[in-house]
Amino acid sequence: MGSGGRDVSTAEVAAAQAASPGWRWATLGGPDGRWSADPWPELCAADVVVTHAGQNALAECAAARRPAVVVVPQERPFGEQAATGRALTRGRLALVVPRWPEADDWPGLLEQALAHDGDRWSQWTPGDGAARAARFLADAASRRGALSCAPR
């Protein structure tokens, strides 16, 4: 969870934890979670990541290639997280639920999410962004004469 608003209460998280005793939960961020200056090691160690559908959170999950992600889009003024959730569902990149599930649904959801292939995240984040950017810049520089404006 980020440091901004959220749609999930502390009680809902506690109920989900209680309903899934075979799972160890770690809550990072948000007003009730532990803050971590570098959540990357815990993200990489997670079997399942439960997150909202914010771009930064999803970019981190994609880069970590976690085998499963349960994405709960948060309410936003322009519906951007709901739209992202729909895109993730279409691409079969993550298990997306429209709202925080009932406590009894969590064991099945976690198992279903665990079966998701984290390698599918390569469609979202191929992992070669720096190399692609460098190629683009090199191509643009080599065409500089063709792209520049002539003086008036």
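FYI, it's all coordinate maths here, none of it is from the lab. All of these numbers come straight from a predicted model, not from anything done at the bench. Cβ placement follows ideal geometry from the backbone for every residue including glycine, while neighbour counts extend to all protein chains displayed.
Would you mind ranking W40, W100 so that the residue whose beta carbon has the fewest other beta carbons within 10 Å leads the list?
If I rank by nearby Cβ atoms, fewest first, I get W40, W100.
Run the Debye formula on the Cα coordinates of segment 10-125, all scatterers equal and no solvent, and tell me log10 I(q)/I(0) at q = 0.13, 0.20 1/Å.
Log-scaled intensity ratios, in q order: -0.47, -1.19.
Work out the FRET efficiency for A45 and S142 from their Cβ-Cβ distance, taking R0 = 41 Å, and round it to the nearest 0.05. List each step's numbers first, then the result.
On the way: r = 43 Å, r/R0 = 1.06.
Once the sixth-power term is evaluated, E becomes 0.40.
Could you list which residues have their amide H under 5 Å from that of V70, counting only those 5 or more apart in sequence or on another chain, with H placed in the peptide plane?
Those lying under 5 Å, H to H, from V70 are V49, V50, T51.
Compute a Gaussian network model of the chain, connecting alpha carbons closer than 10 Å, and tell me which residue from V48, V71, V13 fluctuates the most.
Comparing V48, V71, V13 in the GNM, the peak value goes to V13.
Quick one: compute the contact order of the chain, relative version, from alpha carbon pairs under 8 angstrom and 6+ residues apart, as a percent.
Working: 185 pairs, mean separation 33.8, N = 152.
Result for the chain is 22 percent.
Go through L58, Q81, S142 and say which Cα lies farthest out towards the positive end of the charge dipole of the chain; charges sit on Cβ, +1 for Lys and Arg, -1 for Asp and Glu.
Highest projection toward the positive end goes to S142.
Calculate one ³J(HN,Hα) per residue across segment 35-52 by plugging θ = phi - 60° into the Karplus curve 6.51 cos²θ - 1.76 cosθ + 1.60, and present them in order as whole Hz with x for glycine and proline.
Per-residue couplings from phi come out as 8, 10, 5, 9, x, 3, x, 5, 4, 5, 8, 6, 7, 9, 10, 9, 8, 7 Hz.
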